Amino acid sequence: MKFHVLTLFPEIPRAFFESSIMAKAVEKEIIAYDLVNIRDFAFDKHKTCDDSPYGGGAGMLMLPEPLDRALESVKAYKKRVIYVTPSGKPFTQKLARELSKEEELVFICGRYEGIDQRIIDAWVDDEVSIGDYVLSSGEVAATVMIDAIYRLIEGVISSESLEEESFSTGLLEYPQYTRPEVYKGMKVPEVLLSGHHENIQKWRLERQLAKTLAYRPDLIDEARRTGELSLEAEKMIETITGQVSKVCPRKHPRYRGKEK
Ligand code: ADE
């Protein structure tokens, strides 16, 4: 898989591509990348890349021509082009999985108030947002997406780790513990020390359901809709409902102010 990142600040994604697991994936030639500085495609001597919007309004927009030329330079017409923007569709694990199957991806990182609509109309396949908040740079959002995508590519990390993590089953991940058995008076749940595989699996599913009900009930609805919730899980939900406070007792209204 090759990532082409079009940006005014290549040093932001570069740090990511040159570090840790990504650096190893690049070394192993599982991943390739190309950081394209949009400013190199500006035509005036000041290398201008922005201007004020027609119709007025605050801030500046990225000029279409340098972006257009940068897109041509990476032959973006043959590739899937993603514009990272807070006004895009939500980035999800499902979309990360879909994008991880592409051979090449082009990311356009916006700055200022965004980019000229004609670039979106002419080039962009997907406008994607990483969440309902506004960052000062598309580079950080693109890096988040690239991170979620590349780790799904075969050979980057073990498939076992991928299977067990949050969202792979449509639920949030269960809590994990390591040594010591007692830390500051807090004990590792007994069942995890029992060696009883079936009970451990049940406990983990129950904890996943309780946490998902507390933090992301929408994911439970979605799992039901797609038929991913087993009868066992449905029975556990019945038992858990009303006990959601176990997950985050200090935040639960029933406990608020009654702790002392
Ligand atoms: N650029 C600025 N904020 C963003 C967001 N939330 N998602 C994607 N790109 C962005």
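Below, the figures for the structure above:
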quantity	calculated
Phi-based couplings in Hz for the range 62-76 (Karplus 6.51, -1.76, 1.60; Gly and Pro marked x)	6, 5, x, 4, x, 5, 4, 5, 5, 5, 4, 4, 9, 6, 5
Charge tally in the Cβ shell below 13 Å around GLN201, where Lys, Arg are +1 and Asp, Glu are -1, GLN201 excluded	-1
Set LYS101/LYS211; LYS28/LYS75; LYS24/LYS89 screened for pairs whose C-alpha atoms are more than 28 Å apart	LYS101/LYS211; LYS24/LYS89
For LEU231, solvent-accessible area (1.4 Å; no DNA, RNA or ligand), Å²	120 Å²
Aspartates and glutamates with Cα under 12 Å of LYS202, excluding same-chain neighbours fewer than 8 positions away	GLU232
Exposure of ASP121 as accessible area (Å², to 10), given a probe of 1.4 Å and all protein chains	110 Å²
3J(HN,Hα) from dihedral phi, the range 5-21, Karplus parametrisation 6.51/-1.76/1.60, rounded to Hz, x for glycine, proline	10, 9, 7, 8, 9, x, 5, 6, x, 4, 4, 5, 5, 9, 10, 6, 5
Dipole in debye (nearest 20) - the range 1-78, about Cα centre, beta carbon charges: Lys, Arg +1; Asp, Glu -1	220 debye
Cα lying deepest toward the dipole's positive end in the chain, options VAL182, ILE31, GLY57, charges on Cβ	VAL182
Calculated FRET efficiency for the pair GLU102/SER230, C-beta based, R₀ 41 Å, to 0.05	0.80
Debye, to nearest 20: dipole size of the chain, +1 on Lys, Arg Cβ, -1 on Asp, Glu Cβ	1240 debye
Over the chain, relative contact order from alpha-carbon pairs under 8 Å, at least 6 apart, %	16 percent
Cα lying deepest toward the dipole's positive end in the range 74-134, options TYR83, ALA96, ILE115, charges on Cβ	ALA96
Selection from HIS197, PHE41, VAL128 lying farthest towards where the dipole of the chain points positive, charges on Cβ	HIS197
Surface share of carbon and sulfur [accessible, 1.4 angstrom probe, percent] for the range 1-96	53 percent
Heavy-atom accessible area per residue - the range 1-155, 1.4 Å, Å²	53 Å²
Karplus (6.51, -1.76, 1.60) ³J(HN,Hα), θ = phi - 60°, over the range 193-206, in Hz, Gly and Pro reported as x	9, 6, x, 8, 4, 5, 5, 5, 4, 5, 4, 5, 5, 4
Heavy atoms of MET186 accessible to a 1.4 Å probe, total area in Å² rounded to 10	120 Å²
Net charge contributed by nearby residues that have their C-beta within less than 15 Å of GLY57 (K/R +1, D/E -1)	-4
Radius 10 Å from Cβ of LEU105, net charge of other residues (Lys, Arg +1; Asp, Glu -1)	-2
In degrees, nearest ten, helix 138-150 long axis to first principal axis of the chain (Cα)	60 degrees
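The values are calculated or read from the model by the stated rules, or taken from the named source; none is laboratory data. The model shown is predicted, which means the values in this text are computed figures rather than measured ones. Heads up, the Cβs are rebuilt from the backbone with ideal geometry, glycines too, and the neighbour counts pull from every protein chain shown. Accessible surface is based on the protein model in full, side chains and every heavy atom, while ligands, DNA and RNA are left aside. Shrake-Rupley method; radii C 1.70, N 1.55, O 1.52, S 1.80 Å.
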